[in-house]
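Worksheet: the structure to be examined is printed underneath.
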Amino acid sequence: MDISTQNPTSPPTPQPTEAEAKRAARGATRPGDRIFVGLSRGSGIFVLVLMGAIAAFLTYRASIAISKDEANFFTSFDWNPAGVPPEFGIAVLAFGTVVSSIIAMAIAVPIAVGIALFITHYAPRKLGGTIAFVVDLLAAVPSIVYGLWGVLVLVPHLNGLYGWLDTYLGWTGVFEWSGGPARSLLAVGILLAIMILPIITNVSREVFRQVPRMHEEAALALGATRWEVIRMSVLPFGRSGIISASMLGLGRALGETMAVAMVLSPTFDINASLLDAGGGTFAQNIASKFNEASPMGRDALIASGLVLFVITLLVNGAARMIISRRKEYSGANA
Amino acid sequence: MAKRIDVSGLNAYYGSFLAIEDISMTVEPRSVTAFIGPSGCGKSTFLRTLNRMHEVTPGGRVDGKVMLDDENLYGPGIDPVAVRREVGMVFQRPNPFPTMSVYDNVAAGLRLNGRYKKSEMDDVVEKSLKGANLWNEVKDRLNKPGSGLSGGQQQRLCIARAIAVEPNVLLMDEPCSALDPISTLAIEDLIGELKERFTIVIVTHNMQQAARVSDRTAFFNLAAVGQPGKLIEIDETERIFSNPSVQATEDYISGRFG
């Protein structure tokens, strides 16, 4: 309803009909409103259709491949879709993708949160701004450049770290190293960590910056040190933000293609050691094999892509669950 | 244990701007002292110098002396963190930690000070909530988030949090300005009880409130915008509101201000 009709000095207006009232309640009476509602509703529907189309395409092509697969698609260690009969499975890819991403997260999240806290709560304003700018620059480096840097600089320099890990932690099996080039899942994880650092840092930084001053003062007035203020006010307030930031980073790590393909020396094999060459990831495997694949091989690769798609969805869903479970404690309702 | 505050020659700055100039006053233990004055006269700034919260504002700086009994809060080697554990503060807007339960909010200050057994902690939490007249309302939902309480309850939760660590002084910065009249009354009653145990300083814009709760009242004023705020006079509340010795005070309390 127009605001002027509620003004007591204006002449009484005739009662609107029921249909008019309904339309008025929807707020789409003026042409501008109608166009805007149409546009925004259309955009919303578009993204759903797009998502559905991608999922349908992946599922359709994947089902063709999986129906002809003679091996177990989920547990097989083979990748021979062009063979007679075709035999392929995603176990190796799933393992490599998840492990390299976990390594990346384990390295990147603490460092990114540390950088974000330093920028927002410790560094002098100018220094903080400079660091934030440099971190932004990191995000602007194309992944192919990270790949080049990884293979030409990072990998040769990892020998020292690998040797140290082998000497002191080799007994675990996980850090055993037979001395080959360091183009293993650990190298990939380290490279991915550097690549996802900017996004996690930036999102965390924004969240930390939004912590209401009064929450920090509440802690300060109780006699909290700077670190205790961060622990009592900043981190709890930023918790869901850190989780979302990490999930954004994880999404990128799971799907990263070129840099992984350049650094990893792929073998279709699960290796208990993170230091010895071997393994593969979904995206890397698709990038390396797609051009020379047979039609059946392409469908098999698409099937692996579908699995990556599902894993990413699950990760996002889990993140949302974690965030919403803590909602009544989140800073948002303060 | 309540302590006497003795301020002499105190100036506070924001960067190069002198916000309050040359303040000297004594605040008696186990009494309520109210600060009144127009907006911008520096009464909140002055309050925040009493627990060294002023200096957490970027550019905030203080010179002068604040004696808490025989200890200068601005003396060399004094840790501001330790000062704030001794001088508690309640803010204008209720600010319980949103991510903590009612219980954890009250326990927060104790946890900063060291380890307590669960039973000791339970006792302090109960005693503090009772001290803040909140126990009966929250005893069944100690584990619910503190941000789920009403505004007045949240403010009493903040008071419980502040008194849980047994400070010597309790500073209140317009503690009722965000509350409805009934919650305000609850807080005012509470202030009357708390002054048996603490030295209380309260900033208020509400002159009736100052008249109701305080034993002594300090009137602050500033000559003009951009000029530093000054203490005009401090006296028994009754005298300030009936027969102040400075004309400016009388103008302000009788509404002939500005």
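The values are calculated or read from the model by the stated rules, or taken from the named source; none is laboratory data. This is a predicted model, so every value here is computed, not measured. Because the Cβ atoms are built from the backbone with ideal geometry, glycine has one as well, and the counts that use them run over all protein chains shown.
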Hits in the range A:156-195 (condition: more than 26 Å from A:V113 (Cα to Cα) and under 27 Å from the mean Cα position of the chain (by Cα)): A:V174, A:F175, A:A182, A:R183, A:S184
So, in the range B:183-237, of the ones that are farther than 19 Å from B:T26 by Cα and of a type in the set (D, E), which residue ends up nearest to the chain's Cα centre (by Cα)? B:E188
Among A:E70, A:E87, which is the only one that is surrounded by 15 or more Cβ atoms within 10 Å (Cβ to Cβ), free of Cβ contacts under 8 Å to residues at least 24 places away in the same chain and farther than 12 Å from A:L186 by Cα? A:E87
Enumerate the helices (runs of 4 or more DSSP H) found wholly within the range A:169-243, keeping only those where 2 or more residues are closer than 30 Å to A:F95 by Cβ. A:185-209
Return the residue satisfying two criteria in turn: it lies in the range B:109-139 and is hydrophobic (A, V, I, L, M, F, W, C) and farther than 20 Å from B:L194 by Cβ, and of such residues it is nearest to the other protein chains (Cβ to nearest Cβ). B:L112
When you check A:A123 against the structure, is it out of contact with any strand residue (DSSP E or B) (no Cβ under 9 Å at 6 or more places or on another chain) and closer than 22 Å to A:T225 by Cβ, yes or no? yes
List the number of the failed condition for B:Y13; all other conditions in (1) assigned to a strand (DSSP E or B); (2) of a type in the set (S, T, Y); (3) within 14 Å of another protein chain (Cβ to nearest Cβ) hold. (3)
Yes/no for A:S304 being of a type in the set (S, T, Y), part of a helix (DSSP H, G or I), out of contact with any His (no Cβ under 9 Å at 6 or more places or on another chain) and free of Cβ contacts under 8 Å to residues at least 60 places away in the same chain: no
In the range B:125-156, which residues are in a loop (DSSP other than H, G, I, E, B), surrounded by fewer than 22 Cβ atoms within 10 Å (Cβ to Cβ) and not charged (D, E, K, R)? B:N133, B:L142, B:N143, B:L149, B:S150
Residue in the range A:196-206 that is farthest from the chain's Cα centre (by Cα), counting only those that are farther than 24 Å from A:S265 by Cβ and crowded, with 24+ Cβ neighbours inside 10 Å: A:R205
Where residues in the range B:133-156 are in contact (Cβ under 8 Å) with a residue 24 or more places away in the chain and among the basic types (K, R), which of them is nearest to B:T184 (Cα to Cα)? B:R156
The residue that is surrounded by the fewest Cβ atoms within 10 Å (Cβ to Cβ), considering only those in the range B:45-78 that are facing another protein chain (nearest Cβ under 9 Å) and in a loop (DSSP other than H, G, I, E, B), is B:P58
Starting from residues that are among the hydroxyl-bearing types (S, T, Y) and farther than 23 Å from A:F290 by Cβ, keep the ones in the range A:37-82 and report whichever is nearest to the chain's Cα centre (by Cα). A:S43
Within the range A:221-239, residues surrounded by fewer than 17 Cβ atoms within 10 Å (Cβ to Cβ) and at the interface with chain B (Cβ under 7 Å from one of its Cβ atoms) come out as A:T225
Pairs under 7 Å by beta carbon, first residue among the acidic types (D, E) in the range B:43-70, partner outside any strand (DSSP E or B) and at pLDDT below 95, six or more apart or different chains? B:E55/B:P80; B:D69/B:K3; B:D69/B:R4
Considering only the range B:37-44, I want to know if a residue exists there that is within 14 Å of another protein chain (Cβ to nearest Cβ), in a helix (DSSP H, G or I), buried (at least 17 other Cβ atoms within 10 Å of the Cβ) and in contact with a helix residue (DSSP H, G or I) (Cβ under 6 Å, 6 or more places away or on another chain). no
Within the range B:84-98, is even one residue of a type in the set (S, T, N, Q), within 8 Å of chain A (Cβ to nearest Cβ), more than 14 Å from A:E228 (Cβ to Cβ) and buried (at least 17 other Cβ atoms within 10 Å of the Cβ)? yes
Could you please find all residues in the range B:79-108 being among the hydroxyl-bearing types (S, T, Y) and in a helix (DSSP H, G or I)? B:Y103
Do we find a residue being without any contact (Cβ under 8 Å) to a residue 40 or more places away in the chain and touching a Lys or Arg at 6+ places or on another chain (Cβ under 7 Å) anywhere in the range B:109-117? no
Across the range B:26-55, what is the number of residues that are among the hydrophobic types (A, V, I, L, M, F, W, C) and under 23 Å from B:A82 (Cβ atoms)? 5
Checking A:T257 against (1) within 9 Å of chain B (Cβ to nearest Cβ); (2) among the polar types (S, T, N, Q); (3) surrounded by fewer than 21 Cβ atoms within 10 Å (Cβ to Cβ), the condition it does not meet: (1)
